[in-house]
Amino acid sequence: MKDSNGDDLMEGNQTCQANFVSQKVQPYVYLKISLTIEGEASGKLDGNQYKFLILQALKETLGQVGAATPVDVLKLFSDGISLVRIPSRNSDKLWAALTLYGTTPSGKRCAFRVIQSSPFLMGLASNSRDHWEASSS
Amino acid sequence: MVRFKNRYAICELVFPQTAESGPQMETYQVYQAVKQSLLESHGDYGLAALQSSLSVKYLNIKTNIAIIRGERRHFDMVTSSLIFITEVGGLDVAFRTLHVGGSIRSCQKFLIDYHRKNLAKLFPECETLEGKSEVMKSIMAACDSLVQAHKQQARQAGGIAPYSALSMLQQGEEEMDDV
């Protein structure tokens, strides 16, 4: 294809594109989790209480050693959804510990649900499920 | 063939009060203490992983030695939980892990060697004459085989055999002259 000046159009349109796939295991796993407590609006918890409940979950299933793993709550949204970072080494056990937690210290039933997980924080930026819902509605 | 491989930890129970080596203690009390510590340190996961294989195989209150068994795969959870035990059956005690072996026999071998070395160390710490003679008797008994082997040498040399029990104690022990 040539434009009016006779230059090759495809030449100018060549973009540098490289696909990069990391082969090694990433150090962290980022999870988007939602916490629902029975009989309570989920937006009432602040950062400290949220982290405390996560640590309680780890402590029940994995003990003091498990609760000592560096779990970080990176961001807490108002509806009980949060971005959490856990080391990838024991990520499956930590995920299972969150899933198994059923009762808060005050006796209310609760549930941690993992909505998304990714070895990169950027991977949590968008969710293909939301795209699907948006296009179908 | 699936074979369950175990690890055996030899622990010394250290009691803070030096008055006596401790009143009666049963294996089930040590077992409960280890189980409780496992639950606290490693949670439901740790306890469940070791529940079927955990047991206290040997407990000797006189020498303060306990042997605890657990399966090999998760044994690091046992050894790390033993550190945090502070009391057993109402008594204050600390666990000091001496050795981890793969079988009861290897543990036994280690214990014989360990006691043999320790007897020689105990001698200078004895304050009474009775204590000293008791310790010397134990050392003589332990080193009986060595004494036998060098008896001939002693007769020929006309003196104390180089590796007899007495010569072991003589190394740096002035009290030998008083006995």
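Read-outs throughout are calculated quantities, based only on the coordinates presented, and are distinct from any laboratory measurement. Computed from a prediction, not measured in an experiment: that's the story for all the values here. No Cβ is skipped: glycine too gets one built from the backbone with ideal geometry, and neighbour counts run over all protein chains shown.
First select every other residue whose beta carbon is under 15 angstrom from the beta carbon of residue B:27; then total the charges, Lys and Arg +1, Asp and Glu -1.
Once positives and negatives cancel, what remains is +3.
What percent do you get for the relative contact order of the range A:24-135 when only Cα pairs under 8 Å and 6+ apart count?
41
For the pairs B:35/B:117; A:51/B:5; B:5/B:121; A:51/A:108; A:51/A:93, flag any whose C-alpha to C-alpha distance is greater than 28 Å.
Table pairs above 28 Å Cα-Cα are B:35/B:117; A:51/B:5; B:5/B:121.
In terms of modelled amide H atoms, which long-range or inter-chain residues lie less than 5 Å from the amide H of residue A:28?
Residues meeting the criterion, in which the H sits 1.01 Å from N, are A:88.
What residues qualify as long-range amide H neighbours of residue B:93, i.e. H under 5 Å apart, gap of 5 or more or another chain, H built at 1.01 Å from N?
Under 5 Å from the amide H of residue B:93 lie the amide H atoms of B:87, B:88, each far enough along the sequence or on another chain.
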